[in-house]
1. State which residue pairs qualify: first residue aromatic (F, W, Y) and inside the stretch 97-117, second residue at pLDDT below 90 and within 12 Å of the ligand (Cβ to nearest atom) in any location, beta carbons under 8 Å apart, and separation of 6 or more residues or different chains.
2. Out of the stretch 1-11, which residues are open to solvent by 60 Å² or more (accessible area, probe 1.4 Å) and either part of a strand (DSSP E or B) or among the β-branched types (V, I, T) (or both)?
3. Can you pull out every residue in the stretch 36-57 that is touching a residue at least 40 places away in the same chain (Cβ under 8 Å) and either away from the ligand (no atom under 12 Å from the Cβ) or out of contact with any Pro (no Cβ under 7 Å at 6 or more places or on another chain) (or both)?
4. Check off (1) of a type in the set (G, A, S); (2) over 16 Å from the mean Cα position of the chain (by Cα); (3) within 12 Å of the ligand (Cβ to nearest atom) for G63 and give me the number that stays unchecked.
5. Provide a single number: the residues in the stretch 154-180 that are among the polar types (S, T, N, Q) and either open to solvent by 20 Å² or more (accessible area, probe 1.4 Å) or within 30 Å of A75 (Cα to Cα) (or both).
6. Scanning for something of a type in the set (S, T, Y), modelled with pLDDT under 90, open to solvent by 50 Å² or more (accessible area, probe 1.4 Å) and away from the ligand (no atom under 16 Å from the Cβ), does the stretch 102-110 turn up at least one residue?
7. For the stretch 181-207: of the residues being in contact (Cβ under 8 Å) with a residue 12 or more places away in the chain and touching a Lys or Arg at 6+ places or on another chain (Cβ under 6 Å), which is least open to solvent (accessible area, probe 1.4 Å)?
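The values are calculated or read from the model by the stated rules, or taken from the named source; none is laboratory data. The model shown is predicted, which means the values in this text are computed figures rather than measured ones. Every residue, glycine among them, receives a Cβ derived from its backbone with ideal geometry; neighbour counts consider all protein chains shown. The area values use the complete protein model at the heavy-atom level, side chains included, leaving out ligands, DNA and RNA. Shrake-Rupley method; radii C 1.70, N 1.55, O 1.52, S 1.80 Å.
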Amino acid sequence: MSWRLAKSLIQLRTQINEAFPARDKSSDGSIGDTAHSARKSDHNPNANGVVTAIDVDRDFNDGHDGRELVSALIASQDPRIKYIIFERQISETGNVTRWSQYFGKNAHNHHVHISVSGSAKLYDDASPWKLNFKAKASLAPPTPLPRLFKRGSRGEGVKALQNALMDRGLIPKGKADGVFGPKTEIALKQFQSANRLTPDGMAGTVTLKALGL
Ligand SMILES: [Zn+2]
């Protein structure tokens, strides 16, 4: 299938490359892989064959980091931005200054994801982005604390954990209730044992990573 990248993103990528000529591009991306095409993603071409998202490797080299790009994008408040995903956090659609925890499969620890608006007028607006990389003041959300879910934990993170255990057939399919009770604990211990992790029934960094969270 033929596709092209939104013009606003071609322009953005050009500016990033000019600002950080030595940057590592190995985690860069635009069009989605087969895993993406199975679900709704801005990395899949839209009805007009246009991809409206890019991933930018966070390793900018020479002492620079993708966090500087996130900060500059937040400061720009550019109306073309739909949302940004970075370090397990996602900005609110249409409001780049508000962030919340991201529970998608990929934590985005190695790249910055930028989606642009679904409106052709905006996504194909190729005017230069106002990015001040020199203003080092970090507006990017702080790196979140390591996560740990155990008996008694509640919330969206527990829901994501329960869904991951359901996907593996360790708890019966149904609605994740977001409450970490005995059934979740038993299922988690089974997962840990099967994956040669310490079966402590607590989901910390290593276990969550093994679950793809
Ligand atoms: Zn992405």
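1. Y102/H108
2. Of the stretch 1-11, the ones open to solvent by 60 Å² or more (accessible area, probe 1.4 Å) are 1-4, 7, 10.
If the condition is that a residue be open to solvent by 60 Å² or more (accessible area, probe 1.4 Å) and either part of a strand (DSSP E or B) or among the β-branched types (V, I, T) (or both), then R4, I10 are the ones that fit.
3. The first filter runs over the stretch 36-57 and keeps only residues touching a residue at least 40 places away in the same chain (Cβ under 8 Å), leaving 42, 45-46, 48-57.
Answer for the stretch 36-57, where residues must be touching a residue at least 40 places away in the same chain (Cβ under 8 Å) and either away from the ligand (no atom under 12 Å from the Cβ) or out of contact with any Pro (no Cβ under 7 Å at 6 or more places or on another chain) (or both): D42, P45, N46, N48, G49, V50, T52, A53, I54, D55, V56, D57.
4. If we test G63 against (1) of a type in the set (G, A, S); (2) over 16 Å from the mean Cα position of the chain (by Cα); (3) within 12 Å of the ligand (Cβ to nearest atom), just (3) comes out false.
5. First, the residues of the stretch 154-180 that are among the polar types (S, T, N, Q): 162-163.
Those left that are additionally either open to solvent by 20 Å² or more (accessible area, probe 1.4 Å) or within 30 Å of A75 (Cα to Cα) (or both): 163.
Qualifying residue count for the region: 1.
6. Taking the stretch 102-110 first, the residues of a type in the set (S, T, Y) are 102.
Checking which are modelled with pLDDT under 90 leaves us with 102.
If we keep only those that are open to solvent by 50 Å² or more (accessible area, probe 1.4 Å) too, we end up with 102.
Next cut, away from the ligand (no atom under 16 Å from the Cβ) only: none.
No, there is no match, as no residue in the stretch 102-110 is of a type in the set (S, T, Y), modelled with pLDDT under 90, open to solvent by 50 Å² or more (accessible area, probe 1.4 Å) and away from the ligand (no atom under 16 Å from the Cβ).
7. Ranking the candidates gives G201 first.
So that you can scan it fast, the table gives a plain yes or no per residue for (1) outside the structural domain of R39 (by TED's automatic domain parsing); (2) at pLDDT 95 or above; (3) within 16 Å of the ligand (Cβ to nearest atom):
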{"residue": "A75", "(1), (2), (3)": "no, no, no"}
{"residue": "Y83", "(1), (2), (3)": "no, yes, yes"}
{"residue": "Q89", "(1), (2), (3)": "no, no, yes"}
{"residue": "N95", "(1), (2), (3)": "no, no, no"}
{"residue": "I114", "(1), (2), (3)": "no, yes, yes"}
